[in-house]
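None of the figures in this text is laboratory data; all of them are computed from the coordinates on show. Everything quoted here is computed from the prediction, not taken from an experiment. Every residue, glycine as well, gets a Cβ built from its backbone with ideal geometry; the counts of neighbours run over all protein chains shown.
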Amino acid sequence: MTEASRARKHEPRKAPVTAGGKGPTTSAMIASLTAEGYETIHAPFGHALVELARRDERIVGLTADLGKYTDLHVFAEAMPGRFYQMGMAEAVLMSAAAGLAREGFMPFATTYAVFAARRAYDFIAMAIAEENLPVRIVCALPGLTTGYGPSHQATEDLAIFRGLPNLTIVDPCDAVDIAQMVPAIAAHDGPVYCRLLRGRVPVVLTRHKPDYRFELGRAQMIRDGRDVLVIATGLMTMRALDAAVKLAQDGIGVAVLHVPTIKPLDRATILEEAGKCGRLVVTAENHTVVGGLGEAVATTLLTAGVTPAFRMIGLPDAFLEAGALPTLHDMYGISTDRVAAQIRAWL
Amino acid sequence: MTQSHRASSRFNVSLEQRAWSIRRKALLMGEVQGQGYIGQALGIADVLAAAYFHALDYRADDPKWEGRDRFLLSVGHYAIALYAALMEAGILPEEELATYGMDDSRLPMSGMASYTPGMEITGGSLGQGLGIAIGMALGLRRKRSKAFVYNLMSDGELGEGSTWEAAMVAAHHRLGNLICLVDFNNQQADGKSTQMLSAEPVEAKWRAFGWHCQRVDGNDLDAVVGAFDTARAVAEPVPRVIIFDTRMCKGVPFLERREIAHFVRVEADEWVKALSALEEGRPA
Ligand SMILES: Cc1ncc(C[n+]2csc(CCOP(=O)(O)OP(=O)(O)O)c2C)c(N)n1
Ligand SMILES: [Mg+2]
């Protein structure tokens with residue numbers, strides 16, 4: 001942040017006219033995503049993990065004082081003997097997960113995305129990734145999914161983790177992705193980092209494409225359209241789909257390619273879709289525009305000599321404000337309305 | 001007359017009354033949002049009253065005054081409590097409590113230096129305050145300043161490795177100008193601290209790390225004040241820590257009796273009830 005904006009923040013504020021915050025104007029840590037019109041499922045990660053653990057004895061769960069906030073409490077309650085509470089100690093969380101993996105177990109370690117990416121990074125790099133150990137790191141509050149401020153907003157986790165060899169990175173869109181991703185990453189023999197939506201999670205993908213199934217490493221077309229191709233990941237696939245529905249009403253055809261696996265990237269599908277001529281290609285991610293999906297797609301296209309008109313939707317290269325999540329999603333251009341408006345303006 | 005002049009001229013106000021006012025302001029902020037870390041705020045109010053109205057040297061109208069004692073809020077989520085204390089101290093205008101946690105407020109739910117006068121650091125990523133306090137203590141010593149650095153941290157933060165790295169460094173560098181305050185409310189996010197990752201025996205740990213250590217009832221104002229005095233008066237140049245055993249929701253009996261959690265639920269109609277329950281315990 002610049003000195004100027006610091007000074008601005010320090011000026012006294014007047015009480016808002018409508019105090020009595022029953023509205024959504026809160027910088028609380030836990031905020032729900034606006035996903036109007038979608039059915040929701042409770043704790044899809046926790047329930048999927050319990051189901052899988054019933055079939056596979058090797059699965060164990062660990063957390064660093066965030067079991068309740070990463071839906072791992074569902075597992076902890078169902079299988080208390082296979083759950084390890086590490087206290088608020090993210091470094092040892094990762095080292096211990098590595099140790100369990102060495103002894104033949106299949107650890108799922110949870111915390112918030114910021115604390116895995118920032119605090120525990122070296123432990124993930126050396127104890128887990130360098131040894132290519134099958135540890136699954138599952139992290140809540142990815143990107144801008146809390147209005148609590150930079151301490152909890154993991155706006156650069158994908159950039160951090162993309163640089164790590166051996167690591168598979170998954171950014172699921174909804175409850176369908178999350179539930180199906182759990183067995184898929186368990187079957188993968190190597191370290192995985194997953195972004196997690198927790199609590200009540202919307203069911204999005206099957207609403208738009210009834211036969212959708214998550215496949216690790218694969219990008220999938222969710223809807224077709226002749227004017228624009230949005231290549232989206234995570235939460236932004238939902239935004240892209242909602243924006244596409246809106247834009248269709250104005251006669252603008254928006255295709256949405258969902259890329260839940262950020263690494264390894266499904267280059268073949270991306271090149272095939274982006275190569276279909278004439279469409280504007282837009283990437284959309286719940287992450288800084290530095291080092292995430294957008295830059296990964298740009299590299300893929302350029303190195304293959306595919307050069308459509310190209311734009312990126314993502315968070316700015318800045319520490320973000322605290323505030324209500326809907327306000328912030330509008331402010332930083334990742335709300336449905338702002339996604340639709342940006343695409344319209346680019347056409 | 002400005003807020004700061006008003007506050008600083010009220011010298012006849014007892015610490016008990018200060019603590020009570022801090023609790024009241026925190027409840028008023030909680031009411032604005034219908035939520036907040038109110039259990040923590042009510043629990044730590046006595047420690048903050050002793051800090052801001054007995055121990056710390058500061059100028060309400062000049063929060064960046066070079067000679068001030070530094071007070072670092074490592075526990076960013078305790079911001080609601082510190083805002084209340086800063087208002088009571090006249091560093092923040094009380095009117096602003098109506099903006100707590102709102103868009104464009106200077107009082108975000110997690111304490112951040114760039115938002116709020118009197119907020120020394122951006123806390124919230126827990127386990128960072130003590131390390132920063134060490135740097136400030138080293139810096140103040142280089143500047144031959146008489147100021148102390150206080151770091152308020154939580155029992156949950158005792159789990160972070162960074163806390164114990166800092167504990168070693170502070171003792172090694174003989175930082176007699178560093179006073180660490182640990183809120184031992186026996187609570188962290190997933191449950192009771194002693195059951196999640198026990199830090200006990202906690203005094204023995206700090207002592208073994210080379211610190212002067214005291215453990216007192218953090219809701220007994222006399223004991224709290226005595227501990228601050230002792231910590232400041234230690235003759236040897238060693239870092240000092242005070243472990244405060246506190247009770248979450250202290251001062252609002254019906255909340256104290258509720259099943260305590262990291263995020264204590266208060267229903268919409270209960271804020272008014274809590275305020276009147278606090279009123280009943282108002283010190284004379
Ligand atoms: C490094 C880090 N890890 C995890 C968190 C998430 N978190 C926020 S508060 C909290 C509990 C920490 O314990 P404590 O401060 O004692 O909690 P309280 O007494 O307020 O319940 C946790 C784990 C965090 N803020 N920072
Ligand atoms: Mg605690």
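Filter the range B:186-202 for residues that are near ligand 2 (Cβ under 10 Å from one of its atoms) and assigned to a loop (DSSP other than H, G, I, E, B); which is farthest from the other protein chains (Cβ to nearest Cβ)?
B:186
Exactly one of these conditions fails for residue A:34: (1) more than 12 Å from ligand 1 (Cβ to nearest atom); (2) more than 17 Å from the chain's Cα centre (by Cα); (3) not in a helix (DSSP H, G or I). Give me its number.
Of everything listed in (1) more than 12 Å from ligand 1 (Cβ to nearest atom); (2) more than 17 Å from the chain's Cα centre (by Cα); (3) not in a helix (DSSP H, G or I), residue A:34 misses just condition (2).
Being in contact (Cβ under 8 Å) with a residue 12 or more places away in the chain, at negative phi and in a loop (DSSP other than H, G, I, E, B) is the filter here; which residues of the range B:79-109 pass it?
Matches in the range B:79-109: B:89, B:91, B:92, B:93, B:100, B:102, B:106, B:107, B:108, B:109.
Looking at A:74, A:135, A:114, A:92, which one is closer than 13 Å to residue B:190 by Cα, away from ligand 2 (no atom under 16 Å from the Cβ) and not acidic (Asp, Glu)?
On the way: A:135 fails: closer than 13 Å to residue B:190 by Cα; A:114 fails: closer than 13 Å to residue B:190 by Cα; A:92 fails: closer than 13 Å to residue B:190 by Cα.
When all the criteria are applied, what remains is A:74.
Each row is one residue, and each column tells you yes or no for (1) of a type in the set (A, V, I, L, M); (2) within 14 Å of ligand 1 (Cβ to nearest atom); (3) outside any helix (DSSP H, G or I); (4) under 26 Å from residue B:233 (Cα atoms).
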residue: B:114; (1), (2), (3), (4): no, no, yes, no
residue: B:131; (1), (2), (3), (4): no, yes, no, yes
residue: B:136; (1), (2), (3), (4): yes, no, no, yes
residue: B:146; (1), (2), (3), (4): no, no, yes, yes
residue: B:158; (1), (2), (3), (4): yes, yes, no, yes
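Would you pick out the residues in the range B:151-176 that are of a type outside the set (A, V, I, L, M), away from chain A (no Cβ under 14 Å) and crowded, with 24+ Cβ neighbours inside 10 Å? Explain how you work it out, then say what you get.
Within the range B:151-176, the first condition is being of a type outside the set (A, V, I, L, M), and the residues that meet it are B:151, B:154-157, B:159-165, B:172-174, B:176.
Those left that are additionally away from chain A (no Cβ under 14 Å): B:151, B:172-174, B:176.
Once the filter is applied, which keeps residues that are of a type outside the set (A, V, I, L, M), away from chain A (no Cβ under 14 Å) and crowded, with 24+ Cβ neighbours inside 10 Å, the range B:151-176 yields only B:151.
Residues in the range B:133-184 that are within 20 Å of residue B:120 (Cα to Cα) and within 16 Å of ligand 2 (Cβ to nearest atom): how many?
10
Which members of the range A:122-152 meet the condition of being among the acidic types (Asp, Glu) and either more than 14 Å from chain B (Cβ to nearest Cβ) or outside any helix (DSSP H, G or I) (or both)? Full working, then the answer.
Quick first cut of the range A:122-152, residues among the acidic types (Asp, Glu) only: A:122, A:130-131.
A:130, A:131, listed by residue number.
Among the candidates B:190, B:183, which residue alone is touching a Lys or Arg at 6+ places or on another chain (Cβ under 7 Å) and within 8 Å of ligand 1 (Cβ to nearest atom)?
That would be B:190, the only listed residue that is touching a Lys or Arg at 6+ places or on another chain (Cβ under 7 Å) and within 8 Å of ligand 1 (Cβ to nearest atom).
Does any residue of the range B:160-167 turn out to be of a type in the set (Asp, Glu), within 16 Å of ligand 1 (Cβ to nearest atom) and touching an Asp or Glu at 6+ places or on another chain (Cβ under 9 Å)?
Applying the first criterion (of a type in the set (Asp, Glu)) to the range B:160-167 yields B:160, B:165.
When the remaining residues are screened for being within 16 Å of ligand 1 (Cβ to nearest atom), the result is B:160, B:165.
Checking the rest, the ones that are also touching an Asp or Glu at 6+ places or on another chain (Cβ under 9 Å) come to B:160.
Yes: the range B:160-167 contains one or more residues that are of a type in the set (Asp, Glu), within 16 Å of ligand 1 (Cβ to nearest atom) and touching an Asp or Glu at 6+ places or on another chain (Cβ under 9 Å).
Suppose we filter A:62, A:100, A:52 for residues that are within 30 Å of residue B:153 (Cα to Cα) and either surrounded by fewer than 21 Cβ atoms within 10 Å (Cβ to Cβ) or more than 16 Å from ligand 2 (Cβ to nearest atom) (or both); which single one remains?
Result: A:62 is the single residue among A:62, A:100, A:52 that is within 30 Å of residue B:153 (Cα to Cα) and either surrounded by fewer than 21 Cβ atoms within 10 Å (Cβ to Cβ) or more than 16 Å from ligand 2 (Cβ to nearest atom) (or both).
Looking at (1) surrounded by fewer than 19 Cβ atoms within 10 Å (Cβ to Cβ); (2) part of a helix (DSSP H, G or I), which is the only condition residue B:236 fails?
All conditions are met except number (2).
Among the residues of the range A:103-121, are any under 24 Å from residue B:128 (Cβ atoms), basic (Lys, Arg) and in a helix (DSSP H, G or I)? Can you show your working first?
Restricting attention to the range A:103-121, the residues satisfying the condition of being under 24 Å from residue B:128 (Cβ atoms) are A:109-121.
Right, trim to basic (Lys, Arg) and you get A:118-119.
Of the ones still in play, those that are also in a helix (DSSP H, G or I) are A:118-119.
Checking the range A:103-121: at least one residue is under 24 Å from residue B:128 (Cβ atoms), basic (Lys, Arg) and in a helix (DSSP H, G or I).
Which condition does residue B:31 not pass, out of (1) within 14 Å of chain A (Cβ to nearest Cβ); (2) of a type in the set (D, E, K, R); (3) closer than 25 Å to residue B:232 by Cβ, if it passes all the others?
So residue B:31 meets the others, but not (3).
Is it the case that the range B:24-44 has a residue that's away from ligand 1 (no atom under 16 Å from the Cβ) and free of Cβ contacts under 8 Å to residues at least 40 places away in the same chain?
Looking for residues that are away from ligand 1 (no atom under 16 Å from the Cβ) and free of Cβ contacts under 8 Å to residues at least 40 places away in the same chain, one finds none in the range B:24-44, hence no.
Name the single residue that is farthest from ligand 1 (Cβ to nearest atom) among those in the range B:236-272 being acidic (Asp, Glu) and under 20 Å from residue B:35 (Cβ atoms). Before the answer, list the steps.
Step one: list which residues in the range B:236-272 are acidic (Asp, Glu), which gives B:236, B:245, B:256, B:259, B:267, B:269-270.
Those still in the list that are under 20 Å from residue B:35 (Cβ atoms) too: B:256, B:259, B:267, B:269-270.
Details: B:256: 15, B:259: 13, B:267: 20, B:269: 24, B:270: 19 Å.
Restricting to residues being acidic (Asp, Glu) and under 20 Å from residue B:35 (Cβ atoms), the top hit is B:269.
Please give the helices (runs of 4 or more DSSP H) falling wholly within the range A:268-347 in which 3 or more residues are closer than 19 Å to residue A:246 by Cβ. Write out each step before concluding.
Details: elements: A:293-303, A:325-331, A:336-346.
So the answer is A:325-331, A:336-346.
Within the range B:216-223, is there a residue that is in contact (Cβ under 8 Å) with a residue 24 or more places away in the chain and either hydroxyl-bearing (Ser, Thr, Tyr) or within 16 Å of ligand 1 (Cβ to nearest atom) (or both)? Explain how you work it out, then say what you get.
To start, the set of residues in the range B:216-223 that are in contact (Cβ under 8 Å) with a residue 24 or more places away in the chain comprises B:216-221.
Then keep just the ones that are either hydroxyl-bearing (Ser, Thr, Tyr) or within 16 Å of ligand 1 (Cβ to nearest atom) (or both); that gives B:218-219.
The answer is yes, given that some residue of the range B:216-223 is in contact (Cβ under 8 Å) with a residue 24 or more places away in the chain and either hydroxyl-bearing (Ser, Thr, Tyr) or within 16 Å of ligand 1 (Cβ to nearest atom) (or both).
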